[in-house]
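Written below as structure tokens is the structure these notes are about.
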Amino acid sequence: MQNFEYCNKTKIIFGKETENLAGSETVKVLAGDRYAKRILLHHSGGSAARSGLIDRVKESFKKAGVEWVELTGVQPNPRLSLVLEGIEIVKKEKLELIFAVGGGSAIDSAKAIAVGAVNDGDIWDFFEKKRSADRALPIGTILTIPAAGSESSTSCVITKEEGPWKRGMNFQCNRPAFSILNPQLTYSLPPYQTACGIVDMMAHIMERYFTKVPNVELTDELCEGALRTIIRNARKIFNGAFDNYDARAEIMWTGALAHNGFLDTGRLGDWASHALDHELSAVFDIAHGAGLAILFPSWLRYVYREDMSRVARFAAKVWGVDGAFYDYEQAALEGISRMENFFRSIGMPVSFADANLDTSRIPELAKRAFSLRPVIGNFRKLVEKDALAIYEMAAK
């Protein structure tokens with residue numbers, strides 16, 4: 001086990017009707033030398049507004065004496081242009097907190113605004129690793145799409161339209177001050193969005209699980225248990241129980257824990273699949289979870305020989321591959337097949353063809369994946385020829 005530091009400042013407010021606490025929680029947050037009373041309300045303007053959720057949030061703000069300026073227009077794979085617009089509004093209006101309502105896209109857009117509002121210069125510098133940030137405006141969230149784990153993570157991913165380029169920044173100041181999680185708000189999610197979220201949170205766990213660091217028994221067990229929890233409750237939901245509160249609650253809470261850093265402790269994850277998907281979803285504007293469903297099985301088939309015993313353990317502990325498989329390689333490959341079949345069973349694409357992606361752009365994708373660094377991944381270090389092979393495996 002490696003040395004580590006773990007600190008998570010995000011307060012989680014979980015349960016039914018908790019969105020009605022938006023105003024009272026906001027005024028508890030200290031913004032500089034005063035409590036937050038003037039905020040940016042940031043969301044897509046779509047389903048959260050149509051469902052009446054935004055109206056309930058505004059009513060909560062009114063009761064707490066919170067004033068807001070509203071910025072809508074968040075899209076999947078959130079755009080830099082909207083972030084820049086938000087930064088200008090926050091500076092002009094002297095706002096003190098960014099409040100996001102939505103999934104990872106809304107929260108990540110809010111995080112980028114929060115950093116850009118108090119750090120001079122080009123916000124994109126942070127995404128290109130040219131500098132780091134240690135301060136941001138406070139952030140509050142109401143999560144409506146369990147997936148990215150952004151509600152309590154250090155992570156923020158934004159797409160720059162010129163390119164296009166999809167890049168992330170990870171700073172402690174990105175963690176929200178508080179996040180409100182009500183599983184009831186996820187009942188109306190379309191099956192495709194639900195499935196994308198499930199794959200996204202599973203990938204966050206699997207990126208951490210496939211490590212070369214020995215003696216990480218506790219986090220191994222936690223990762224395996226979290227994955228089993230997601231799979232078991234996803235099957236309940238996709239077997240017709242879309243409004244099953246208990247299943248939705250398990251999915252929502254596990255999604256937050258999947259990416260808040262707790263499962264990182266003492267270990268070094270891989271993250272090559274995320275790097276490969278950032279190019280896939282930037283070029284084709286495909287949902288992140290769908291891209292990961294396409295790429296993760298191919299990545300694992302490409303690298304499993306690096307540590308067949310770990311991949312075989314994954315097959316046994318997560319996918320129930322039993323003693324009928326007498327060698328690590330057979331078990332490992334069966335586990336990968338079961339993972340792929342699970343993705344397919346919840347309506348996810350598992351190949352370029354399933355998502356109607358242009359395979360002629362594969363060489364471009366492989367080249368783009370190394371625009372910021374010469375290698376990606378840790379379980380196995382990958383270079384451009386490896387990325388090309390993985391993309392080509394995913395195309396079949």
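The values are calculated or read from the model by the stated rules, or taken from the named source; none is laboratory data. Quantities reported herein were computed from a predicted structural model and do not represent experimental measurements. In this analysis, Cβ positions are derived from the backbone assuming ideal geometry, glycine residues included, and neighbour counts consider all displayed protein chains. Surface areas here come from the heavy atoms of the whole protein model, side chains and all, with no ligands, DNA or RNA. Shrake-Rupley method; radii C 1.70, N 1.55, O 1.52, S 1.80 Å.
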Note: among 225, 163, just one is over 12 Å from the mean Cα position of the chain (by Cα), part of a loop (DSSP other than H, G, I, E, B) and surrounded by fewer than 24 Cβ atoms within 10 Å (Cβ to Cβ), namely 163
(1) open to solvent by 20 Å² or more (accessible area, probe 1.4 Å); (2) outside any helix (DSSP H, G or I) all hold for residue 236 apart from (2)
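Any residue at all in the stretch 326-341 that is among the aromatic types (Phe, Trp, Tyr), farther than 26 Å from residue 193 by Cα, modelled with pLDDT under 95 and outside any loop (DSSP other than H, G, I, E, B)? Talk me through it step by step, then tell me what you get.
The first filter runs over the stretch 326-341 and keeps only residues among the aromatic types (Phe, Trp, Tyr), leaving 326, 328.
Next cut, farther than 26 Å from residue 193 by Cα only: 326, 328.
Retained after the next criterion (residues that are modelled with pLDDT under 95): 326, 328.
Still in the running and outside any loop (DSSP other than H, G, I, E, B): 328.
Yes: the stretch 326-341 contains one or more residues that are among the aromatic types (Phe, Trp, Tyr), farther than 26 Å from residue 193 by Cα, modelled with pLDDT under 95 and outside any loop (DSSP other than H, G, I, E, B).
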Of 141, 154, the only residue that is at pLDDT 95 or above and buried (at least 24 other Cβ atoms within 10 Å of the Cβ) is 141
With criteria (1) at positive phi; (2) more than 22 Å from the chain's Cα centre (by Cα), residue 319 comes up short on (1)
Condition set of a type in the set (D, E, K, R) and within 25 Å of the chain's Cα centre (by Cα), scope the stretch 24-58, selection nearest to residue 99 (Cα to Cα): answer is 25
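Kindly state which strands (runs of 3 or more DSSP E) lie completely within the stretch 4-85 and contain at least 3 residues that are acidic (Asp, Glu) and either at positive phi or surrounded by 15 or more Cβ atoms within 10 Å (Cβ to Cβ) (or both). Can you show your working first?
Working: elements: 11-14, 38-42, 67-71.
Passing ranges: none, list empty.
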Worksheet item: For residue 195, are the conditions met, namely being open to solvent by 10 Å² or more (accessible area, probe 1.4 Å), small (Gly, Ala, Ser) and at pLDDT 95 or above?
Response: no
Going through the stretch 96-111 in order, the residues found to be of a type outside the set (Val, Ile, Thr), open to solvent by less than 10 Å² (accessible area, probe 1.4 Å) and closer than 24 Å to residue 34 by Cβ are 97, 99, 100, 110, 111
Residue pairs qualifying under the 6 Å Cβ cut-off, at least six apart or on distinct chains, with the first in the stretch 56-75 being over 15 Å from residue 43 (Cβ atoms) and the second being open to solvent by 40 Å² or more (accessible area, probe 1.4 Å) and part of a strand (DSSP E or B), are 67/38
Picked from the stretch 112-138 (must be touching a residue at least 60 places away in the same chain (Cβ under 8 Å) and not aliphatic (A, V, I, L, M)), the residue surrounded by the fewest Cβ atoms within 10 Å (Cβ to Cβ) is 129
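Does residue 348 qualify as being within 16 Å of residue 293 (Cβ to Cβ) and outside any helix (DSSP H, G or I)? Steps first, please.
Details: within 16 Å of residue 293 (Cβ to Cβ): yes; outside any helix (DSSP H, G or I): yes.
Yes.
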The residue that is farthest from residue 233 (Cα to Cα), considering only those in the stretch 335-350 that are free of Cβ contacts under 8 Å to residues at least 60 places away in the same chain and surrounded by fewer than 19 Cβ atoms within 10 Å (Cβ to Cβ), is 337
Only one of (1) outside any helix (DSSP H, G or I); (2) surrounded by fewer than 18 Cβ atoms within 10 Å (Cβ to Cβ); (3) modelled with pLDDT of 95 or more; (4) on the phi < 0 side of the Ramachandran plot does not apply to residue 215, and that is (4)
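Kindly indicate whether residue 88 is at pLDDT 95 or above, part of a strand (DSSP E or B), of a type outside the set (Phe, Trp, Tyr) and open to solvent by 40 Å² or more (accessible area, probe 1.4 Å).
Values: at pLDDT 95 or above: yes; part of a strand (DSSP E or B): no; of a type outside the set (Phe, Trp, Tyr): yes; open to solvent by 40 Å² or more (accessible area, probe 1.4 Å): yes.
Spelling it out, it is not the case that residue 88 is at pLDDT 95 or above, part of a strand (DSSP E or B), of a type outside the set (Phe, Trp, Tyr) and open to solvent by 40 Å² or more (accessible area, probe 1.4 Å).
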The residue from 285, 358 that alone is open to solvent by 30 Å² or more (accessible area, probe 1.4 Å), acidic (Asp, Glu) and over 21 Å from residue 202 (Cα atoms) is 358
Practice item. Might you check whether a residue that is at pLDDT 95 or above, in contact with a strand residue (DSSP E or B) (Cβ under 8 Å, 6 or more places away or on another chain) and either open to solvent by less than 20 Å² (accessible area, probe 1.4 Å) or farther than 30 Å from residue 162 by Cα (or both) occurs anywhere in the stretch 305-323? Key: no
- prompt: Is the stretch 363-384 home to any residue that is more than 22 Å from residue 210 (Cα to Cα), touching a Phe, Trp or Tyr at 6+ places or on another chain (Cβ under 7 Å), in a loop (DSSP other than H, G, I, E, B) and open to solvent by less than 70 Å² (accessible area, probe 1.4 Å)?
  reply: no
